[in-house]
Amino acid sequence: MWCPGYDVLLNRGHTHGKDGSYKWLSRQKRDVFVKQAKFNNWRCRSAFKLIEIDDKHNIFKFGDVVVDCGASPGSWSQVTVDRVNATGKNDGPVGLVIGIDLLPIAPLPGAVFLDSTDFTDPSVLARIEKVKETRPFQVINTVISDMSPNATGIKSLDHELSTELCLSALKFALTVLPRGGHFISKLLQGQEQKRLEILLAKFFRTVSVFKPKASRLDSCEIYLVAKKRIMK
Ligand SMILES: C[S@@+](CC[C@H](N)C(=O)[O-])C[C@H]1O[C@@H](n2cnc3c(N)ncnc32)[C@H](O)[C@@H]1O
């Protein structure tokens, strides 16, 4: 999905004050993805990561049901709602996004949010099943997870905590996904990455590692993209 300014990755890093003097901008202010997210009404810059992932890997289809783990403030859910709903056709397929997060999430048409909810809580599956009472659906086509642990700053520990979140999303995905379903998860890189890739390859036809341009270069996050669930 192209949007104005999207390809402009470099910024000068400074602006001029009223008196013509140089003023250095904070990283947030000179970040083109932050500006572009505001322009496009995405709730945060993370939206562009999912846009890149889906543009490259063709994950979402009209009518899909997607579970978004770690959904707050909701930009991945916004992108997903856009991509699973046929636009301009009243009789087009209607998709659904079910977002879960520890934090509150502002309502979004096309999505149902279970906020203030720990995704690792065993009751989550039952709560998602309950969504069917108000928004009936047949299957969950894709599970996406952008869950991040509270960073400790200790790289190996952050990796361990991120691996646990990735594994809990995978366990859920393997419980709910039908043959052909897809799974995307953030991972803070570290020694378990290869083992996770090997594990994913047992359950999905293709597994790739993706670092979106919108992901900060100094961040050790990558995304594992596992396509087409295999049923043995
Ligand atoms: C990077 S943010 C997600 C941003 C989101 N993808 C978006 O585009 O708006 C990571 C989120 O993971 C959530 N999270 C971390 N651990 C979680 C858990 N155990 N259960 C639910 N959410 C969790 C955090 O609360 C945080 O909101």
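Points to keep in mind about this one:
- All positions within region 132-176 that are part of a loop (DSSP other than H, G, I, E, B) and within 11 Å of the ligand (Cβ to nearest atom): Asp146, Met147, Ser148, Pro149, Asn150, Ala151
- Within region 116-139, the set of residues being among the charged types (D, E, K, R) and under 18 Å from Val65 (Cα atoms) comprises Arg127, Glu129, Lys130, Lys132, Glu133, Arg135.
- Subset of region 56-103 that is within 8 Å of the ligand (Cβ to nearest atom) and charged (D, E, K, R) - its residue that is surrounded by the most Cβ atoms within 10 Å (Cβ to Cβ): Asp68
- Region 96-134: number of residues that are farther than 20 Å from Ala173 by Cβ and out of contact with any Pro (no Cβ under 6 Å at 6 or more places or on another chain): 11
- Of residues in region 133-159 being hydrophobic (A, V, I, L, M, F, W, C) and open to solvent by 70 Å² or more (accessible area, probe 1.4 Å), the one farthest from Leu177 (Cα to Cα): Ile154
- Just one of the listed residues (Leu188, Leu165) is open to solvent by 10 Å² or more (accessible area, probe 1.4 Å), under 17 Å from Glu221 (Cβ atoms) and out of contact with any strand residue (DSSP E or B) (no Cβ under 6 Å at 6 or more places or on another chain), namely Leu165.
- Taking the criterion of being more than 10 Å from the ligand (Cβ to nearest atom) and loosely packed, with under 12 Cβ neighbours inside 10 Å, the residues of region 104-124 that qualify are Ala106, Pro107, Pro109, Pro122, Ser123.
- Members of region 197-224 found to be crowded, with 20+ Cβ neighbours inside 10 Å and either over 18 Å from the mean Cα position of the chain (by Cα) or farther than 24 Å from Asp31 by Cβ (or both), listed by number: Leu200, Phe204, Leu224
The values are calculated or read from the model by the stated rules, or taken from the named source; none is laboratory data. Predicted model, so just to flag it, every value in this text is computed and none were measured. Cβ sites come from the backbone with ideal geometry, for glycine too, and all protein chains shown count toward neighbours. Heavy atoms of the whole protein, side chains included, go into the accessibility calculation; ligands, DNA and RNA do not. Shrake-Rupley method; radii C 1.70, N 1.55, O 1.52, S 1.80 Å.
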